[in-house]
């Protein structure tokens, strides 16, 4: 997603420079990855007085949404007037987290999300805990892990424990 | 000091969206009440997280309803400055949180209903509604799975948990009827392509409910003919108390922020 925008904008130095700034802005809740790694920067356009940044929210109720907008405005202040457009469709999915972002999450101790099934392919009904795919521990790699809590410290994460190395870890939920 | 109330118009589109948006808002308020009171820390997190998702969905729908209403109101004015009869959520959402069994049975019933509703709203002719639904449907799927897990765990648990689940089901059963009650607002939404008639969701909802209740070893309560009327603004005695707490700050300190 992001790389295609970069190619489109590469002839223009100003946009390329702005993308470079955006790639440095950390996500406020998971600061080890950038907003671009997270896949929430959907577009960047030049306007008469500055730039328009198109962002998409992760979760409907993500409390970091406003903070992210402020961070983007502050980081790009040198580019003139910054207009932020929130674009809801198509809905953000963890599939847009870059490969680099997934590696950074793992290195930070957060198990990255697996690939998301299309909404139609997902069973509507509950899946028993035992039949869920085993998640690999981001520290020791063992798949001998168990879910402690379906919801974690932020809307996007669940809490797990590794039964091999005994360490608790977070999992970025596929959505 | 107090803040004057706002009123929304009577267009069926606005009403249809407020019925859903208010459902999210009021249930979020009830789930938020669990924070610090859940039986285990993980549930404190889960219920607060689900409340947050619902609040986000409510914000989006209230913003859009206010836009369609065309009186220049915003999400905060609709959330905090309407009077009781102007809230259009089914009565089910506003009932006090009860015990943990009551909360999980309600969450399961509502999340299943919302999941079916959001799925259909994804093809709404209103692109903003379709976009809100495409995001919310993913969140509701997590809510539904989590609540279904608890329904099975408690229904198929100890004598105490099974008895509490049976009691919660018996109390809630008559209130489910309102989720599938068809009326002129629904008919208008269908005609406009805005969204489905709620009645249309019933067969699928019932099938999911039956499946999970069977897994939990819980029996169906007897069918009831009672239909509550929260969708038309006629609420239970609990709604005023809920609103008093929810609205207090904005009424007492107009425009207050932190």
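Listed values, structure above:
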quantity	calculated
Count of residues meeting criterion [in contact with a helix residue (DSSP H, G or I) (Cβ under 6 Å, 6 or more places away or on another chain) and in a loop (DSSP other than H, G, I, E, B)] in the stretch B:35-73	4
Residue in the stretch A:26-35 that is at pLDDT 90 or above, within 14 Å of chain B (Cβ to nearest Cβ) and in a loop (DSSP other than H, G, I, E, B) present	no
Selected residue [within 14 Å of chain A (Cβ to nearest Cβ), surrounded by 24 or more Cβ atoms within 10 Å (Cβ to Cβ) and either under 19 Å from residue B:131 (Cβ atoms) or in contact (Cβ under 8 Å) with a residue 24 or more places away in the chain (or both)] from B:78, B:54	B:54
Residue in the stretch B:127-145 that is part of a loop (DSSP other than H, G, I, E, B), surrounded by 19 or more Cβ atoms within 10 Å (Cβ to Cβ) and in contact with a helix residue (DSSP H, G or I) (Cβ under 6 Å, 6 or more places away or on another chain) present	no
Meets criteria (buried (at least 19 other Cβ atoms within 10 Å of the Cβ) and within 12 Å of chain A (Cβ to nearest Cβ)) for residue B:31	yes
Qualifying residue in the stretch B:94-104 (condition: crowded, with 24+ Cβ neighbours inside 10 Å, within 14 Å of another protein chain (Cβ to nearest Cβ) and in contact (Cβ under 8 Å) with a residue 40 or more places away in the chain)	yes
Search result, residues across the stretch A:18-67 that are touching a residue at least 40 places away in the same chain (Cβ under 8 Å) and more than 16 Å from the chain's Cα centre (by Cα)	A:18, A:21
Unique residue being more than 14 Å from chain B (Cβ to nearest Cβ) and either surrounded by 14 or more Cβ atoms within 10 Å (Cβ to Cβ) or within 22 Å of residue A:174 (Cα to Cα) (or both) when the list is A:23, A:88	A:23
Tally, over the stretch B:151-161, of residues that are more than 10 Å from chain A (Cβ to nearest Cβ) and in contact with a helix residue (DSSP H, G or I) (Cβ under 7 Å, 6 or more places away or on another chain)	4
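The values are calculated or read from the model by the stated rules, or taken from the named source; none is laboratory data. This one's a predicted model, so the numbers in the text were calculated from it and none came from an experiment. Every residue, glycine as well, gets a Cβ built from its backbone with ideal geometry; the counts of neighbours run over all protein chains shown.
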